[in-house]
Each structure stands twice: as C-alpha cells, then as structure tokens.
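The values are calculated or read from the model by the stated rules, or taken from the named source; none is laboratory data. Everything quoted here is computed from the prediction, not taken from an experiment. Neighbour counts are summed over all protein chains in view; Cβ atoms, including those assigned to glycine, are modelled from backbone coordinates with ideal geometry. Ligands, DNA and RNA are excluded from the accessible area calculation, which covers all protein heavy atoms including side chains. Shrake-Rupley method; radii C 1.70, N 1.55, O 1.52, S 1.80 Å.
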Amino acid sequence: MNAQNGYDIEDLQPGMSAHLAKTVTDSDIVLFAGVTTDTNPVHLDEEFAKTTAFGGRIAHGMLSVGFISAVLGTRLPGPGTIYLGQTLKFKAPVRPGDTVTATVTVKEIIPEKKRVILETVCTVHGKPVIEGEATMMCTSRKDSAA
C-alpha cells in the first residue's frame, strides 16, 4: 500500500483486515445533524429520547457507517478506491460516549472487474452494532503500467 493509491487489486488477499476506533461525542452528533439536516429528536433531545424504546439519545446510524467508509477509503483497500455499494443491518444503538470500532475484512476478490467485496462491522464493547458488506472498485498496477 502507498499513500496515493492504497492497495492495488493484485495486492489483496481474502482475510486481510483493517479497523479504526472513534468515540462518538455530542459534538459529532450535532455536527452530523447539521450537515445532513437529520434533526430527528431521538438524536438531539434527551427528554424526547427518554420516551422512546431506546430510553435516551442515540447517534445517527449513518454516523457510525461513516467510520466504515473511513476505513475503506484510508486503510483497506485505501486511497484511490471507489465505494460502489454497501449493505447494512443495524443491530444495536450507538450512544454518545460509545467507542465504535469499524472493521473491514476482504471476503472476495474479482480481479477481472477490479472489484473487492468486504465484510463490514461496527462494534461497541465487542458487540456488533452494524453489520454489512461493501463493494469497492480498486486500482490496478496494470492501469499504471500502461
């Protein structure tokens, strides 16, 4: 891997994995609400959120999904790759103060299409909160050699 191009498709192997961890702050939630215009009170209003099934505020699900995107775009496959698709299953809420660990693992490589399928998971205290699968388009050494 290099800082400009990440891993080329030729460098990937099933089982390769990368992760990052981020503690979700109140500021993260407020800024995400501002950027996306998702001002659902379950994210922003503790008194309202206490009346919901969650019993308190929760972070936007897509905020945690952003951590998956960060791993894919900066670590594995890394810079130069393009996000083509993502499936998601939200398993549990993320609350302000939770540390989310996003992990991606190479599942399948399709060299002729320069595609890689990765298992994606976010955990809090080792418990899955989001599970899914990402499809990425990778760089290839064959392209840079031409």
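Kindly establish whether VAL71 is open to solvent by 60 Å² or more (accessible area, probe 1.4 Å), in contact (Cβ under 8 Å) with a residue 12 or more places away in the chain and assigned to a helix (DSSP H, G or I).
No; evaluated as a whole, the condition is false for this residue.
Only one entry in SER27, SER17 is at pLDDT 95 or above and loosely packed, with under 13 Cβ neighbours inside 10 Å, namely SER27.
Pairs linking a residue in segment 8-29 that is over 27 Å from LEU63 (Cα atoms) to a residue that is among the charged types (D, E, K, R) and surrounded by fewer than 19 Cβ atoms within 10 Å (Cβ to Cβ), with Cβ atoms under 6 Å and 6 or more positions apart or on different chains, are ASP8/ARG141; GLU10/ARG141.
Under the condition of being surrounded by 13 or more Cβ atoms within 10 Å (Cβ to Cβ), under 20 Å from the mean Cα position of the chain (by Cα), assigned to a helix (DSSP H, G or I) and among the aliphatic types (A, V, I, L, M), the residues counted in segment 31-58 number 1. Counting residues in segment 91-101 that are in contact with a strand residue (DSSP E or B) (Cβ under 6 Å, 6 or more places away or on another chain), open to solvent by 30 Å² or more (accessible area, probe 1.4 Å) and not in a loop (DSSP other than H, G, I, E, B) gives one or more.
Pairing residues of segment 47-68 that are more than 27 Å from THR120 (Cβ to Cβ) with residues that are at pLDDT 95 or above and open to solvent by 40 Å² or more (accessible area, probe 1.4 Å), at Cβ distances under 9 Å and at least 6 apart in sequence or on separate chains, gives GLU47/PRO41; PHE48/PRO41. A search for C-beta distances below 7 Å between a residue of segment 81-109 that is within 18 Å of LYS22 (Cβ to Cβ) and any residue that is surrounded by fewer than 18 Cβ atoms within 10 Å (Cβ to Cβ) and aromatic (Phe, Trp, Tyr), counting only pairs 6+ apart in sequence or on different chains, returns PRO93/PHE54. Checking each residue in segment 115-146 for being buried (at least 20 other Cβ atoms within 10 Å of the Cβ) and assigned to a loop (DSSP other than H, G, I, E, B) picks out only CYS138.
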